Every structure is written in structure tokens, then in C-alpha cells.
Amino acid sequence: FKQAHPDHARVLCIGWSPLFWGACEAFGMDEALIKMITEPQVFDAYIHRQNEFYLDILDRCAEAARGNCDICWLGDDVASQQSLLMSPDLWRKRIKPHLAKQVQVAHENGMAVLFHSCGSVRAILPDMIDIGINALLVFQTTARGMDAPSIARDFGGRLAFYGGVDIQQLLSFGTPEATKAEVWSNLRAFERCGGYIVANSHHTLPTIRGENIVAMCEAVREYS
């Protein structure tokens, strides 16, 4: 594939391996959030063990992918559309050090890191940059604090942003003309700094109109 398609990026995806959301699945969201504060030793022990399990898989996969894959996809869900699900300080203390180890493995094997977390993650974007995450997927511009102009102003050139074209309303119920306008607006915001990858803001939904996906792609070609 690499020789046949030298202009394509190859992505290593070890599967859904979330740290915080894994704890929510194990304890229940309410209980996981409570344990972060009232029983931190229990929460930390779980996260540590879970990350050791993920790192074992990632180590073996990344070594096998070295020289063949360009990007390593990692992910966790830590935010709603209004804010993080915990305070930024709690995320930094309980999650960030473990995620940093995953990022390090990817970099040691020659891959950039594309990290998934939807919602309002603005508060921890500097931390993502700090531990070496290269790009955020998805870029949900309708979440609080995630508008393209201010994100480009504060983080453009230091982190790439993948997405930015709303699926909840625009692509599902909007028009091709409105879709193109959104794409052009986002591109203008990142024009001076780069680091924006046009795409729908999350997985494809049955409600998305095909003509809006076509318009999104056409808008990129037409942008000048």
C-alpha cells in the first residue's frame, strides 16, 4: 500500500482504548467521577492497570507498524458539549500522565498522534500539546469555546484540528450553500496558521444529507 499510494497517510488504530471513559464503563459515570475525589487510590489503581493493558497492545502494534504507518489513532471521551466532565486539574493529575505514555510509544515508533475526544476540550488543549499530541479528532466547533476563529488564534500551528463541519444540524438539516459557507469560514480562520483538516465533526449519521457531504468536498476544491 505504501508504495502504491505514497501520497496517502496510513493510520494505526489499536481499537477503542479510553482511560477515563473506560473507568466510566467499569464503575458507571457517576461513581467514576466520585471515586476521582473520594477514593483516588482506587481510581488511580484502575487507570494504571488499564493503561498497562493498553500499553502492552500498543507497544506490540506500534513496533509492527513502524515504517509502515504514519499516524497512530488514540482516544478517550472526557467532555460534554459544555465543558470537561471533570475539572482540568483532575484530568491533569489522574489521566494526563498515563496518556503521555501512550503518546510516547507512538512517537518512538515514528508516528504522529491523532487523538479523539469530542466536545468542549479547550481547557486541556495546552496539555495535549505539552505531551506531544499532534492533532485533535474531532473538532466540534459547536461545543463551548471550540469556535474556529478563537481556536485558530490560540492554538493554530501547534495542533492540527480535524473536523469542524457540524453533523448535528448543518450536515443533517442544512443546505449545500450553508455547508460551503461553513467550510469557507473555517478555512479562513486557519488561513494564516494552517493545521485544519476539513471533515464532518463526528461519525457519519443516517440523518446526514449526501448532497451536503458533496458540497463540503466541493467547497475545499473551490476555496481560493
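Summary table
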item	result
Solvent exposure of segment 1-118 as accessible area per residue, Å², 1.4 Å probe	51
Fraction of accessible area attributable to carbon and sulfur, segment 1-58 (%, probe 1.4 Å)	58
Helix 96-108 axis, angle to the chain major axis (alpha carbon atoms, nearest 10°)	70
Separation between Cα centres of segment 31-51 and segment 130-152, rounded to whole Å	27
Accessible area, probe 1.4 Å, largest first, for residues THR141, THR179	THR141, THR179
Separation in nanometres of the label points that stand 7 Å from Cα toward Cβ, at CYS217 and THR38	5.2
Principal-axis tilt of helix 40-65 within the chain, Cα atoms, nearest 10 degrees	60
By accessible area with a 1.4 Å probe, ligands and nucleic acids excluded, highest first: order of PHE27, PHE155, PHE53	PHE53, PHE27, PHE155
GLU177-CYS13 pseudo-label distance in nm [points 7 Å out on the Cα-to-Cβ vector]	3.6
Length added when fully stretched, ASP130-ASP59, from 0.36 nm per residue minus Cα-Cα	23.4 nm
At 1.306 mPa s and 10 °C, Stokes diffusion of the chain via Kirkwood alpha-carbon radius, µm² per second	86
Accessible surface, segment 138-224, averaged per residue in Å² (probe 1.4 Å)	51
Most positive-pole-ward Cα, CYS193, SER120, MET216, against dipole of the chain from beta carbon charges	CYS193
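The values are calculated or read from the model by the stated rules, or taken from the named source; none is laboratory data. Note that the structure is a prediction, hence the values are computed from the model and not measured. Virtual Cβ from ideal backbone geometry, glycine too; neighbours counted across all protein chains shown. The accessibility values were calculated without ligands, DNA or RNA, using every heavy atom of the protein model including side chains. Shrake-Rupley method; radii C 1.70, N 1.55, O 1.52, S 1.80 Å.
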